[in-house]
Amino acid sequence: APLLFAAIPARGSLASNAHTWLLGSRHHPLIRDAARSWCSGARSRSEPDVGTWSTRGSGTWNTKGSGDFIANSEAVGLNLWLPVRVMDKQTEVVLLATGSFNPITFMHLRLFELARDHLHETGKYKVIKGIISPVGDGYKKKGLMEASHRLAMAELAIRGTNWLEVDPWECEQEEWVETVRVMRYHQQKLEAERAENPEQKLSHRPGRKRKLDNSCQDVPDRNRSSSHAVPKVWLLCGADVFQSMSVPNLWKDEEVLEIISMFGIACITRAGHDARKFVYESDVLWKHKDNIHVVEEWINNDISSTKIRRALRRGQNVRYLVPDATLEYIEKHELYSEESEEKNSGLILEPFQRNRTSNCS
Ligand SMILES: Nc1ncnc2c1ncn2[C@@H]1O[C@H](COP(=O)(O)OP(=O)(O)OP(=O)(O)O)[C@@H](O)[C@H]1O
Ligand SMILES: NC(=O)c1ccc[n+]([C@@H]2O[C@H](COP(=O)(O)O)[C@@H](O)[C@H]2O)c1
């Protein structure tokens, strides 16, 4: 659900009466508490409309299905500018998931939802977009399908989502690109976008209409954007990839340091890995623990691309583990077989190769 915190001035263009409306996620503690006290304030009050209300004053607000919530701030006695200050303090985050996505699974999509909910619950962050960045063929992982196919499968998987995009930049590079460089690339892109258009809240995908565009069209500029600070790119990964950062020659110390000090990490727990202990046992990670959010997946979900590929080459059914459109693509192109699993067999994973070489020279 898109998160927008905005305070509409009491006598502004949108409000035809003396009320001030607060718009925000109903999961935000401020809004939640406001709603609770509003509801308990009078017997006649029922819960304010959630996600279905449409017209207020002269503006049309359509939050249907988005989980947004509106409360009357005068009724709850809230200071008009309080939400604006909350908004100012929020850091906009872009979640970047790198990986093989060989093939993409429902669990990959779920990582984004888990991380976004978690970051929003802190009240400190606003996730404005999620990017899926498939690794290039130069990664040389065993069984790695051509990037063009992995890209296409990911594109099909995100159809129907409204805040995720698949970015081809990483896999279009001739050689494997270190994750920190992928992060830098996206950070710089966001900076350039924001410099070009300081009011911009989100870069749109072509042909997609952002839900909140309509709802904001009449809002005065000062309410429209909390700040012109550039959103921060955060790495979104599972605990296995996070813990792999301590494997000798796989990640360089300076890369890890840059990721946790200049960016951030949202790490989703995964069976067999203990991300919190990993942070505790490393002085460097501990020092930057505010930028590392370990997100608990309580509904244990052990889907992995390896298991999907195994099932596919054995002719087993993987429906409801990968999106239908992705599965159709796999079947149409007959993608995973015993032969494809042998791809890159015997080759050294590029990060090992590169770091070994650079350590020797
Ligand atoms: N079940 C899961 N739980 C938590 N994180 C996951 C899960 N599946 C994938 N991820 C994360 O998604 C990102 C991309 O994963 P990747 O493409 O390597 O998929 P994978 O399922 O782990 O693949 P493979 O089985 O081939 O290793 C990684 O950060 C990985 O940790
Ligand atoms: N030093 C590094 O930047 C480094 C090392 C190993 C893996 N990675 C990345 O982590 C991801 C891991 O994906 P897999 O789990 O599919 O191997 C890939 O995107 C890969 O590029 C980065």
Checklist entry - When residues of the range 112-140 are filtered for being open to solvent by 20 Å² or more (accessible area, probe 1.4 Å), in a loop (DSSP other than H, G, I, E, B), under 23 Å from Glu350 (Cα atoms) and out of contact with any Leu (no Cβ under 6 Å at 6 or more places or on another chain), how many remain? => result 0
Checklist entry - Hey, does the range 318-330 have a residue that's out of contact with any strand residue (DSSP E or B) (no Cβ under 9 Å at 6 or more places or on another chain), open to solvent by 80 Å² or more (accessible area, probe 1.4 Å) and of a type in the set (A, V, I, L, M, F, W, C)? => result no
Next on the checklist: Being within 15 Å of ligand 1 (Cβ to nearest atom) and among the small types (Gly, Ala, Ser) is the filter here; which residues of the range 227-286 pass it?
Outcome noted: Gly238, Ala239, Ser244, Ser246, Gly264, Ala266, Ala271, Gly272, Ala275
Next on the checklist: Against the definition (assigned to a helix (DSSP H, G or I), within 13 Å of ligand 1 (Cβ to nearest atom) and polar (S, T, N, Q)), how does Thr306 come out, yes or no?
Outcome noted: yes
Checklist entry - In the set Glu92, Glu170, Glu165, Glu175, which member is assigned to a loop (DSSP other than H, G, I, E, B) and touching a residue at least 40 places away in the same chain (Cβ under 8 Å)? => result Glu175
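The values are calculated or read from the model by the stated rules, or taken from the named source; none is laboratory data. Just so it is clear, the structure is predicted and the values come from calculations on it, not from any experiment. When we count neighbours, we look across all protein chains shown, and the Cβ atoms used for this are built from the backbone with ideal geometry, even at glycine. Please note that ligands, DNA and RNA were not included when accessible areas were found on the heavy atoms of the full protein model with its side chains. Shrake-Rupley method; radii C 1.70, N 1.55, O 1.52, S 1.80 Å.
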